[in-house]
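Asks: First, the structure itself, so that you have it in front of you.
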């Protein structure tokens, strides 16, 4: 992680591959490699090493999906799609699957965000249900970063089912909530999808995001400096500009503008397809929140393990960020006021 934070991506890639070679069953290096920014040429160099690591154990969906993504980046589209289709079906019983030539309908459920609001934990809790299939990569980023790959690429990411509805296929990409073009894209491709949003107290989420940016991407400078600069940029915008806003570096306050973000989704989907939850409730009582989600998805709680545990995922020690209480009040009463009101009413 240190190499990645310092921008030494070659060293980071080498470290992740070394970790994978030492323990091919550890999913963390695979997730890290998926999110590591590398060009197609750089991935072409790394691909033989990745394949050598994956060959050390029986095929696993996560590794195959990662290889498929890299192959697609290298222009090997047909091979990538075939590998992704194989990965999507791996491990599922035959009575669940349609014929190999049949095309998947895609995801049935999307966890849209927001980042640093417990989406990883919620996806993991749902994955324990017998009738839920969560994409091993979790964050596909198709509707934002990989939209140009096309519909066929997205559909092969999910298993084709013998009987639609017998298994709910889910992906969780927290950035979808904020991206202004994603709601219309999802509505066009997955009009019946059920959508889940988890929101955190807006300033707490912003501070957690700053800690994430410092730990993983080497963000320098003080938290207060970043917040003040982003506050000024937001205050200078018209309401119309803010309503259509996507990413605004470092995206701490902007990522917490929940009212504008949800307005775009509510314009694209009927209310009964959208569930909005509070991060704080998920942390305090994950079992109750999970059962609420199951009711929304029309799933029987009997499909959960008899003694399910609820670990907290992606909690990073030592990344907490604090700001002066006076600035915190100013932000909550100013640029975050609408988001605070929305979050309070949940």
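Asks: So how far, in whole Å, is the C-alpha centre of the range 108-126 from the one of the range 261-275?
Replies: 17
Asks: Could I ask something else about it? For 138, 116, what ranking results if the residue with the fewest other Cβ atoms within 10 Å of its Cβ goes first?
Replies: Final ranking by Cβ density, sparse to dense: 138, 116.
Asks: Which of 261, 231, 157 ends up with the largest GNM mean-square fluctuation for the chain, with Cα atoms connected below 10 Å?
Replies: So, out of 261, 231, 157, the one fluctuating most is 231.
Asks: Distance in nm between label sites at residue 148 and residue 301, each 7 Å beyond Cα in the beta-carbon direction?
Replies: Between residue 148 and residue 301, the label points sit 4.7 nm apart.
Asks: Which of 34, 258 comes first, and how do the rest follow, when ranked by fewest Cβ neighbours within 10 Å?
Replies: Fewest to most other Cβ atoms nearby, the residues stand as 34, 258.
Asks: What angle, in degrees between 0 and 90 and rounded to the nearest 10, separates the Cα long axis of helix 61-73 from the longest principal axis of the Cα atoms of the chain?
Replies: With rounding to tens, the tilt is 80 degrees.
Asks: Which one, 307, 328, 236, has the greatest fluctuation when you compute a Gaussian network model over the chain with C-alpha springs under 10 angstrom?
Replies: 307
Asks: Relative to the first principal axis of the alpha-carbon coordinates of the chain, what is the inclination of helix 258-268, with its axis defined by its Cα atoms, in degrees from 0 to 90 and to the nearest 10?
Replies: Tilt of helix 258-268: around 50 degrees.
Asks: Moving on to the next point. Divide by every residue of the chain the summed helix terms, -39500 (n - 2.57) for each DSSP H run of at least 4, and state the resulting mean residue ellipticity at 222 nm, rounded to the nearest 500 deg cm²/dmol.
Replies: Using -39500 (n - 2.57) per qualifying helix, the result is -14500 deg cm²/dmol.
Asks: Using alpha carbons only, how many degrees (0 to 90, rounded to 10) separate the axis of helix 9-22 from the longest principal axis of the chain?
Replies: Once rounded, one gets 50 degrees.
Asks: Using a Gaussian network model of the chain with C-alpha springs under 10 Å, which one of 95, 26, 131 is most mobile by mean-square fluctuation?
Replies: Evaluated over the chain, the most mobile residue of the options is 95.
Asks: Could you check the spin-label model distance between residue 42 and residue 216? Points 7 Å from the Cα along Cα→Cβ, value in nm.
Replies: 1.6
Asks: Still on this structure, I have one more. With an 8 Å Cα cut-off and a minimum separation of 6 or more residues, compute the relative contact order for the range 1-91 in percent.
Replies: 23
Asks: Could I have the simple spin-label model distance between residue 238 and residue 344, label points 7 Å from Cα toward Cβ, reported in nm to one decimal?
Replies: With each label point 7 Å from Cα toward Cβ, the separation is 3.0 nm.
Asks: Now for a separate question. Report the calculated FRET efficiency for residue 163 and residue 267 (r = Cβ-Cβ distance, R0 = 45 Å), to the nearest 0.05.
Replies: Numbers: r = 33 Å, r/R0 = 0.72.
E(calc), rounded to 0.05, equals 0.85.
Asks: When a footprinting reagent is the concern and you count Cβ atoms within 10 Å, what order do 111, 196 take, fewest first?
Replies: Starting with the residue having the fewest Cβ neighbours, the order is 196, 111.
Rule-based calculations on the coordinates, nothing more; no lab input. Just so it is clear, the model here is predicted, and its values are computed rather than measured. Every residue, glycine as well, gets a Cβ built from its backbone with ideal geometry; the counts of neighbours run over all protein chains shown.
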